[in-house]
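Worksheet: one structure, shown below.
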Amino acid sequence: MPNNSPTTPRSLVLASTSRYRRELLSRLGLAFDVTAPEVDESPLPGEAPRALALRLALAKARAVAALRPEALVIGSDQVADLDGRPLGKPGTHERAAAQLRQMSGRPVVFHTAVAVACQAGGFEQVELAPVHVRFRALGDDEIERYLRAEQPYDCAGSAKSEGLGIALLEAIDSDDPTALIGLPLIRTCRLLRAAGVVLP
């Protein structure tokens with residue numbers, strides 16, 4: 001079947017429960033629904049962080065596209081990569097502190113993948129936006145103060161660059177500025193245009 005075209009607009013669905021991704025997508029001024037994808041986010045044995053991010057972004061888009069076959073579905077995932085090892089969402093204060101101690105003074109790559117899928121239109125594409133970050137050397141007191149202030153337990157790598165987490169960093173290198181927050185909007189726009197969505 002042909003891909004979605006501007007003359008037959010499809011509803012847009014964000015396959016995510018992340019408030020960060022919802023806020024970012026809203027910047028495009030498009031109406032969209034939000035549906036939680038039922039996807040196991042556990043890495044496969046030996047799976048590289050970039051491969052994990054790509055696989056999960058596509059799995060999330062596919063899972064919701066199966067429920068909403070006529071819709072265009074956006075899925076996204078982010079995996080922090082420290083020396084080739086994936087760091088996910090810490091979930092607890094203790095795990096977040098351990099992650100930040102591991103990343104102290106180190107370069108880390110945050111792999112943020114975005115996928116767009118439409119089952120009825122036969123459309124499926126996925127892209128990766130790597131963000132290279134360098135953390136400052138962090139003392140335990142700094143880590144504790146930061147975690148108490150921001151509680152970033154739902155963020156891969158335990159640091160919110162859009163908030164106080166920026167103070168933990170020495171440098172950020174990315175060609176898609178919102179990727180580190182959770183949704184690379186430049187790539188998202190590219191995929192939506194490819195799927196037939198009219199954007200400025």
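Observations, loosely collected:
- Cα-centre dipole for the range 136-200 with unit charges at Cβ (Lys and Arg positive, Asp and Glu negative), debye to 20: 440 debye
- The calculated Kirkwood hydrodynamic radius for the chain is 17.2 Å, given to one decimal from all distinct C-alpha pairs.
- Heavy-atom surface of the range 77-200, accessible at 1.4 Å and reported per residue (Å²): 43 Å²
- For the range 23-35, 3J(HN,Hα) computed residue by residue from phi via the Karplus equation (6.51, -1.76, 1.60; θ = phi - 60°) reads 5, 5, 5, 5, 4, 7, x, 9, 6, 8, 9, 10, 9 Hz, glycine and proline entered as x.
- Distant-in-sequence amide contacts of Ala159, defined by a placed amide H-H separation under 5 Å and a gap of 5 or more residues or a different chain, comprise nothing.
- The chain, accessible surface, carbon-and-sulfur percent (1.4 angstrom probe): 53 percent
- HN-Hα J in Hz across the range 82-99 - Karplus 6.51, -1.76, 1.60, θ = phi - 60°, x for Gly and Pro: 10, 6, x, 9, x, 10, x, 6, x, x, 9, 4, 4, 5, 5, 4, 5, 4
- Positive-end residue of Val64, Val39, Pro49, charge dipole of the chain with Cβ unit charges: Val64
- For the range 102-114, backbone phi angles converted through the Karplus equation (6.51, -1.76, 1.60; θ = phi - 60°) give residue-by-residue couplings of 5, 8, 3, x, 10, x, 9, 9, 9, 8, 10, 10, 9 Hz, Gly and Pro being listed as x.
- Label-point gap, in nm, between Glu47 and Ala137 - each point 7 angstrom along Cα→Cβ: 3.7 nm
The values are calculated or read from the model by the stated rules, or taken from the named source; none is laboratory data. Since we're looking at a predicted model, the values are computed, not measured. Note that each Cβ is placed from the backbone with ideal geometry, even for glycine, and that neighbours are counted across all protein chains shown. When the accessible area is computed, the model is the full protein with side chains, heavy atoms only, and any ligands, DNA or RNA have been set aside. Shrake-Rupley method; radii C 1.70, N 1.55, O 1.52, S 1.80 Å.
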